[in-house]
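A.B. asks: Structure below; questions to follow.
The numbers here are math on the coordinates, done by the rules we state, and not lab data. The structure presented is a predicted model; accordingly, all values stated were derived computationally and were not measured. Don't worry about glycine lacking a Cβ; one is built from the backbone with ideal geometry, like all the others, and counts go over all protein chains shown.
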Amino acid sequence: MDFFDSLINDVYSALNDLPQKTYEHSVKDCWTDIGYNQVILQRDTAFQLSGTGFNLITTSDIRNQIIVIGDDLQNIRDDRPFARISLVQIDDENDEQSAYELIRKIEYVKYHYFPDGFMLRTSSRSHKEAVRVAKTAVRDGISFQKTGSLLIEGYMKIPSVKGVCVIYVTYPEIDYSAFEKLAEKNNRITETLNHIVNSVNFDCSTCNLKAVCDEVEGMKELHFKMNGMK
Ligand code: SF4
């Protein structure tokens, strides 16, 4: 599946020239997962990160690692914008219905990930993501390598997932709206894929997803194929 590859290239182009640190994923470095949604009150919060979080799926090779662009959790003092982008390599699914279901399954990983002192607030309808980091977690040495390793473990429980790179961005001088736009485009492509695998009747001239199909190579062909019209 390469429908999202151009978005992955856009992510790389947006970040390539910025200073970055790369960490290997390591099971032994995983931050503690407490197994339930923790509430961190304002008075117990060291800082809050607010921004965008999304996954980009590909069948190209992705190595298990964590990339940090900007300050790591130990060096942040105040609330600031951020982005979390997970590049996820999957097996090449022959059948598009299974590929769509796999994308949904990968999306749900963030709802089963409960790092101690790292309260994630997100919604299934939006790509907005906010994290409250507890003072105790900062004191105990939380870092993006540790939260990222835990998140990668969550993705890797899905048998078709072959590799994950989690990118955290906290760099102050960057246009965060660019990530929001990429996340919206990602949602539109996923929505179009959903329409294609579930819809029998189609008429491109009246379809509100035409803009996506015009832009993303292979989408229209896929719908034609699935309707036995090729
Ligand atoms: S191929 Fe046509 S009908 Fe199907 S999703 Fe794309 S624009 Fe819509």
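A.B. asks: Can you find, among Leu150, Phe54, Ala137, the residue sitting farthest towards the positive end of the charge dipole of region 5-174, where Lys and Arg contribute +1 and Asp and Glu -1 at Cβ?
C.D. replies: The one lying farthest along the dipole's positive direction is Ala137.
A.B. asks: Please figure out what share of the DSSP beta bridges in region 13-133 is antiparallel and state it in percent, rounded to the nearest 5. Walk me through the numbers before you get to the answer.
C.D. replies: Working: 16 of 26 bridges.
Beta bridges within region 13-133, antiparallel portion: roughly 60 percent.
A.B. asks: When the helices in the chain are scored as -39500 (n - 2.57) per DSSP H run of 4 or longer and the sum is shared across all residues, what 222 nm value do you end up with, to the nearest 500 deg cm²/dmol? If you can, show how the numbers build up before the last one.
C.D. replies: On the way: 7 runs with 78 residues, N = 230.
One gets -10500 deg cm²/dmol as the mean residue ellipticity at 222 nm.
A.B. asks: Also, I was wondering about something else. When only DSSP loop residues count, what trypsin sites (Lys or Arg not before Pro) in region 120-184 have their Cβ near at most 12 other Cβ atoms within 10 Å?
C.D. replies: Details: sites: Arg121, Arg125, Lys128, Arg132, Lys135, Arg139, Lys146, Lys157, Lys162, Lys181; in loops: Arg125, Lys157.
Here the sparse-neighbourhood loop sites are Arg125, Lys157.
A.B. asks: Let me ask another. What is the antiparallel percent of DSSP beta bridges lying wholly in the chain, to the nearest 5? Present the calculation step by step, with values, prior to reporting the outcome.
C.D. replies: Working: 25 of 40 bridges.
Among the beta bridges of the chain, antiparallel pairing accounts for roughly 60 percent.
A.B. asks: Compute log10 of I(q)/I(0) for region 1-103 with the Debye formula, placing one identical point scatterer on every Cα and leaving out solvent, at q = 0.12, 0.13 Å⁻¹, to two decimals.
C.D. replies: These q points yield log10 I(q)/I(0) values of -0.58, -0.67.
A.B. asks: How big is the convex hull of the Cα atoms of region 5-174, per residue, in Å³? All intermediate terms of the calculation are to be shown ahead of the outcome.
C.D. replies: Values: hull volume 19.2 nm³, N = 170.
Once divided by residue count, the hull of region 5-174 is 113 Å³.
A.B. asks: Near Lys157, which aspartates and glutamates are there with a Cα under 16 Å away, not counting those fewer than 8 places off in the same chain?
C.D. replies: Asp33, Asp91, Glu101, Glu107
A.B. asks: Okay, next question. Ranking Tyr176, Tyr100 by Cβ neighbours within 10 Å, fewest first, what do you get? Please report the intermediate quantities before stating the final value.
C.D. replies: Values: Tyr176 16, Tyr100 19.
Exposure proxy ranking, most exposed first: Tyr176, Tyr100.
A.B. asks: Does anyone have the angle between helix 96-108 and the longest principal axis of the chain? Alpha-carbon axes, 0 to 90°, nearest 10?
C.D. replies: 20 degrees
A.B. asks: While we're here: Would you kindly work out the equivalent ellipsoid of region 118-161 from its C-alpha gyration tensor and give its semi-axes, the square roots of five times the eigenvalues, largest first in whole Å? Could the numbers behind the result be given before it?
C.D. replies: Values: eigenvalues 96, 60, 8 Å².
For region 118-161, the semi-axes come out at 22, 17, 6 Å.
A.B. asks: Which residue, Glu24, Glu153, Glu217, has the most motion in a Gaussian network model of the chain that connects Cα atoms within less than 10 Å?
C.D. replies: Of Glu24, Glu153, Glu217, the Gaussian network model singles out Glu217 as fluctuating most.
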